[in-house]
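The values are calculated or read from the model by the stated rules, or taken from the named source; none is laboratory data. On a predicted model such as this, the values are computed, not experimentally measured, just so you know. Cβ placement follows ideal geometry from the backbone for every residue including glycine, while neighbour counts extend to all protein chains displayed. Please note that ligands, DNA and RNA were not included when accessible areas were found on the heavy atoms of the full protein model with its side chains. Shrake-Rupley method; radii C 1.70, N 1.55, O 1.52, S 1.80 Å.
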Amino acid sequence: VSPMRFQPRLRNGELVKQTWSLNIYSRANPVLWPREDNITDRDRYINQFIIVFAILMNCFQAEVDAHYLLNNLKDIDDFSAGLPTALLQTEVIIRYMDAITHRVDLKNLLKRFYNSIYVPQELDQRNFSRISRQLIGPRLITIFYVATMLNYFQEFVMNVIAGRREMVYKQVYFFDNTKMPMYIILIAINFWVGLLIITMLFGDLNMLGELLMHLNACYLKLDNDLRSATARLLESDETTNIAADYQRELIKVLKRNKDLNDFAAHLQNLFSFRLFISFAASALILCVLLFISYKNPAENMVFIFWFISKFIEQFSFGYFGSVIFETTNQLDRMYYCGEWEQIVHRSENVRENIKLMKLIVLSIELNSTPFSLNGLKYFRVTLTSVVKIIQGAFSYFTFLTSMS
C-alpha cells in the first residue's frame, strides 16, 4: 500500500520529513491515512477493499467482545477484563466511519498546513525546537501504545508455549475458534485490528498536536512581526505617512491572521466529532483499566501500559487545547497593545489617524472570540476538562473497588 500513501510536500515541492510517529501512522494504517491524488485504478480498488475489510473485521471483533461480556455479566472481575476492549472497539468503529468519510478533507488540510502553516527546522530552528518539546507527550504515548501491543504479543507467545489456544483479547466466538487453520487466521485478525487501533489512537493525537502547535507558533509570529514593524516605523523620522505605513503593515498581519483563523476553523470541523467520541468514553475506560491494574498488577501489565497511554493521551489533548486557547485569547490584546497610539501621536495626517484607529477596532473585533478546540461544541478541550474526566474516572474506580 506504500505507493498509494499520501506524502505531503512543502511549498517548494520538497517531501516533508515526517516525525517517526506520524511515519508509522501513515505506513501502518492505510485505512485512515489519505491516499495520493493520482493512483491507478488497481491501487484504488485495493485501497477500497482494505477499508471495507477493516471495517468488517472491526465489527466482527466488536461482536465477539460483546459476546464475552454477555457471558460474564455476573462476574465483575471477568466482565471488567473484557470491558476496555469492547468500549474501545465501539469507539474505534464510530471514529473509523467519520475519519474514512473525511479522508479527502484531511488530505486538503494537510496540504494547506505544509504549504502555509508548517514551521520548517531549516528556516526557524528556535520555534521548531520549541514545538518539538511541546510534542514530547504524543511521542511518549506512541511508545506506550506500542508497548501495550507488544505485551499482548508476549501473552500470546506464552499461551503458545503452554499449549493453550487462547485469543489475544477477551472474546467468545459462536463457533470453535481453536481448530487449525481457523485459529491462526483469527489470531492474525486480532493483531491486525489491534495495530490499526493503536496507530489510530497515537496517530490522531500526534497529527492534531503537530497541526495545533505549528498553528500556535504562527499566531505568536503575528505579534513579533507587528512589534518589529512598529519599532521600525517609530525609529524613522517619518511623520506625514507613518500612520498609512503602519496601516499597510497591520493589514498584512490581519490577512495572515484571517488565514490562520480559517485554517483553525477547518481543523476544528474535521476533528470535533472524533474528539467528542474519544472523550465520551475516556472516564469509563480509564476507570476500568485502573480497576483491573489495581486488582492484580503482576498479571495485568498490558492494562497498566494501556492506562498510562490513555492517561497521558488525555492530558496531551488538554495541553494542546489550553495552549492554543491562551494564545488566541491574547490576540485582541496584541492589537490593542501594538503601540498604535505612539504612531498616531507621531503622525500629522489626521485622516490617516482616523482610518488607523478604525482598523485597530476592526482587528480587535476580529479576534474577540478565541479559538477553542471542542467536541461538537459540548465541551472545550482544555486541561481543566481533562482534570474533570480524571476525577470522574477515580470516582468510578472507588465505586468499583467498593463493589468487588
> Can you tell me which residues in segment 103-139 are open to solvent by less than 60 Å² (accessible area, probe 1.4 Å) and of a type in the set (A, V, I, L, M, F, W, C)?
Replying inline: L106, L109, L110, F113, I117, V119, F128, I131, L135
> Can we say M301 is open to solvent by 30 Å² or more (accessible area, probe 1.4 Å) and at pLDDT below 90?
Replying inline: yes
> For segment 1-38, how many residues meet the condition of being part of a loop (DSSP other than H, G, I, E, B), open to solvent by 20 Å² or more (accessible area, probe 1.4 Å) and either under 20 Å from I100 (Cβ atoms) or not β-branched (V, I, T) (or both)?
Replying inline: 13
>> Consider segment 347-404. How many of its residues are in a loop (DSSP other than H, G, I, E, B) and small (G, A, S)?
In response: 4
> Taking segment 200-233 only, how many residues are open to solvent by 10 Å² or more (accessible area, probe 1.4 Å) and among the small types (G, A, S)?
Replying inline: 2
> Applying the selection to segment 140-166, what residues are open to solvent by less than 30 Å² (accessible area, probe 1.4 Å) and over 28 Å from S21 (Cβ atoms)?
Replying inline: N159
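Would you be able to tell me the number of residues in segment 321-358 that are open to solvent by 30 Å² or more (accessible area, probe 1.4 Å) and either under 36 Å from the mean Cα position of the chain (by Cα) or hydrophobic (A, V, I, L, M, F, W, C) (or both)? Working first, answer last.
Filtering segment 321-358 for residues open to solvent by 30 Å² or more (accessible area, probe 1.4 Å) gives 325-326, 329-330, 332-333, 336-337, 339-342, 344-346, 348-352, 354-355, 357-358.
Adding the requirement that they be either under 36 Å from the mean Cα position of the chain (by Cα) or hydrophobic (A, V, I, L, M, F, W, C) (or both) leaves 325-326, 329-330, 332-333, 336-337, 340, 344, 350, 354, 357.
Summing the residues that are open to solvent by 30 Å² or more (accessible area, probe 1.4 Å) and either under 36 Å from the mean Cα position of the chain (by Cα) or hydrophobic (A, V, I, L, M, F, W, C) (or both) in segment 321-358 gives 13.
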>> Please verify whether S309 is of a type in the set (S, T, Y) and open to solvent by 20 Å² or more (accessible area, probe 1.4 Å), treating the condition exactly as stated.
In response: no
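Residue-wise test of (1) at pLDDT 90 or above; (2) of a type in the set (A, V, I, L, M, F, W, C).
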site: F315; (1), (2): yes, yes
site: F320; (1), (2): yes, yes
site: I324; (1), (2): yes, yes
site: K355; (1), (2): yes, no
site: S368; (1), (2): no, no
site: F371; (1), (2): yes, yes
site: K377; (1), (2): no, no
site: L383; (1), (2): yes, yes
site: Q391; (1), (2): no, no
>> assigned to a loop (DSSP other than H, G, I, E, B) and on the phi < 0 side of the Ramachandran plot: which single residue out of M207, M158, M180, M149 fits that description?
In response: M180
> Looking at segment 56-89, which of its residues are within 16 Å of L196 (Cα to Cα) and of a type in the set (S, T, Y)?
Replying inline: T85
>> L69 - would you say it is free of Cβ contacts under 8 Å to residues at least 40 places away in the same chain, open to solvent by 60 Å² or more (accessible area, probe 1.4 Å) and under 28 Å from P297 (Cα atoms)?
In response: no
>> Between S116, S80, which is at pLDDT below 90 and part of a helix (DSSP H, G or I)?
In response: S80
> List, please: which pairs have Cβ atoms under 8 Å, are six or more places apart or on different chains, and start with a residue in segment 370-385 that is closer than 18 Å to I277 by Cβ and end with one that is of a type in the set (K, R) and surrounded by 20 or more Cβ atoms within 10 Å (Cβ to Cβ)?
Replying inline: none
>> Q89 - would you say it is among the polar types (S, T, N, Q) and surrounded by fewer than 20 Cβ atoms within 10 Å (Cβ to Cβ)?
In response: no
